[in-house]
1. In the list Gln97, Gln85, which residue meets the criterion of being assigned to a helix (DSSP H, G or I), out of contact with any His (no Cβ under 9 Å at 6 or more places or on another chain), farther than 26 Å from Arg183 by Cβ and at pLDDT 90 or above?
2. Considering only the stretch 127-158, how many residues are of a type in the set (Gly, Ala, Ser) and either buried (at least 24 other Cβ atoms within 10 Å of the Cβ) or touching a Gly at 6+ places or on another chain (Cβ under 9 Å) (or both)?
3. For the stretch 153-170, give me each residue that is out of contact with any strand residue (DSSP E or B) (no Cβ under 8 Å at 6 or more places or on another chain) and without any contact (Cβ under 8 Å) to a residue 60 or more places away in the chain.
4. Among the residues of the stretch 95-115, how many are of a type in the set (A, V, I, L, M, F, W, C) and under 17 Å from His10 (Cβ atoms)?
5. Residues of the stretch 177-198 being touching a residue at least 40 places away in the same chain (Cβ under 8 Å) and of a type in the set (A, V, I, L, M, F, W, C), which ones?
6. Scan the stretch 105-126 for residues that are aliphatic (A, V, I, L, M) and exposed (fewer than 15 other Cβ atoms within 10 Å of the Cβ) and jot them down.
7. Being touching a Pro at 6+ places or on another chain (Cβ under 7 Å) and crowded, with 23+ Cβ neighbours inside 10 Å: is that true of Leu201 here?
Amino acid sequence: MSIAQRIHPHLPYLRRFARTLTGAQEAGDAYVAKFLEDLAATPSDFPTDVTPRVALYRLFLKVWNSVKLPVTDDEETEGIIAIAQRRINSLSPLPRQAFLLVTVEGFTPAEAAMIVEVREKDIKSLLDVAGREIADQVATDVLIIEDELLIAMDLESIVTSLGHTVQAVATTKSEALAAVESRKPGLILADVKLADGSSGLDAVKEIISEDGVPIVFITAYPEKVLTGERPEPTFLITKPFQRETVMAIISQALFFNTTARLPRTAAA
């Protein structure tokens, strides 16, 4: 199979990645065109020690990191996409690459490490940096709905390490609703099965009916929320989870949200 045949299915996603990475459609397409020109001239540069998709992104980033093409803002971009793009552009280059590879392109940390040619533990550090840089822009109050103490403590640690504030930890539906009544959170991390037999899903349904807030479901029972009924999760993490996965999803959820709130202590 030729290189062209191997990379063809992945090119639309590479163009998406390039446009997000550069901040403008025209600039992203120009980088992809430059990459394809170079690949056509020196096809032997295409890596053969990894999957075609990983090889494609690895070689593209070598072009992006070494060639400086003119980049201008896309004036036609508006609304939430424009806000998210400005946030992306503010990230440091390597953390930006790691963040987009994992959260937007869906690569595992191990695959992302192969693409940017660092150790897997370094990818985790880059995601950590990206999370903190994102939190500098959208630091918010986080409500954790979780009845298992050790998991709740782990989530608290992750949330605070990213620079956010834990508003409350609720172990039942009634505690969750009381916490929201006291103060609206900017993000909710929710389990499904709670301590008293109540449902985190039911709590989230009532919260959403009052105020649109990004929700990340963290559950050992994904089938409970993948029902096709509202709220169908945009962000779903299955237990047991990896710390870096939770960090990346939290950052992604807030990155594309225009209503993230500053913690009360910071806003005062």
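1. On the way: Gln85 fails: at pLDDT 90 or above.
On inspection, the qualifying residue turns out to be Gln97.
2. The first filter runs over the stretch 127-158 and keeps only residues of a type in the set (Gly, Ala, Ser), leaving 130-131, 135, 139, 152, 157.
Cutting the leftovers down to either buried (at least 24 other Cβ atoms within 10 Å of the Cβ) or touching a Gly at 6+ places or on another chain (Cβ under 9 Å) (or both) gives us 130-131, 135, 139.
Residues meeting the conditions: 4.
3. At the first step, the residues of the stretch 153-170 found to be out of contact with any strand residue (DSSP E or B) (no Cβ under 8 Å at 6 or more places or on another chain) are 153-154, 157-158, 161-163.
Of everything in the stretch 153-170, those that are out of contact with any strand residue (DSSP E or B) (no Cβ under 8 Å at 6 or more places or on another chain) and without any contact (Cβ under 8 Å) to a residue 60 or more places away in the chain turn out to be Met153, Ser157, Gly163.
4. Going residue by residue through the stretch 95-115, those that are of a type in the set (A, V, I, L, M, F, W, C) are 98-102, 104, 107, 110, 112-115.
The next check asks that each one be under 17 Å from His10 (Cβ atoms); those that pass are 100-102, 104, 107, 112, 114-115.
The number of residues fulfilling the criteria is 8.
5. Leu187, Ile188, Leu189, Ala190, Leu194, Ala195
6. Within the stretch 105-126, the first condition is being aliphatic (A, V, I, L, M), and the residues that meet it are 110, 112-116, 118, 123, 126.
Of everything in the stretch 105-126, just one residue is aliphatic (A, V, I, L, M) and exposed (fewer than 15 other Cβ atoms within 10 Å of the Cβ), namely Ala110.
7. Values: touching a Pro at 6+ places or on another chain (Cβ under 7 Å): no; crowded, with 23+ Cβ neighbours inside 10 Å: yes.
So Leu201 fails the test.
Conditions (1) at negative phi; (2) outside any helix (DSSP H, G or I); (3) of a type outside the set (Val, Ile, Thr); (4) not assigned by TED's automatic domain parsing to the domain that holds Phe241, marked per residue:
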| site | (1), (2), (3), (4) |
| --- | --- |
| Asp122 | yes, no, yes, yes |
| Leu126 | yes, no, yes, yes |
| Val129 | yes, no, no, yes |
| Arg132 | yes, no, yes, yes |
| Leu143 | yes, yes, yes, no |
| Ile151 | yes, no, no, no |
| Asp154 | yes, no, yes, no |
| Ser157 | yes, no, yes, no |
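The values are calculated or read from the model by the stated rules, or taken from the named source; none is laboratory data. The structure presented is a predicted model; accordingly, all values stated were derived computationally and were not measured. We place every Cβ from the backbone using ideal geometry, glycine too, and count neighbours over all the protein chains shown.
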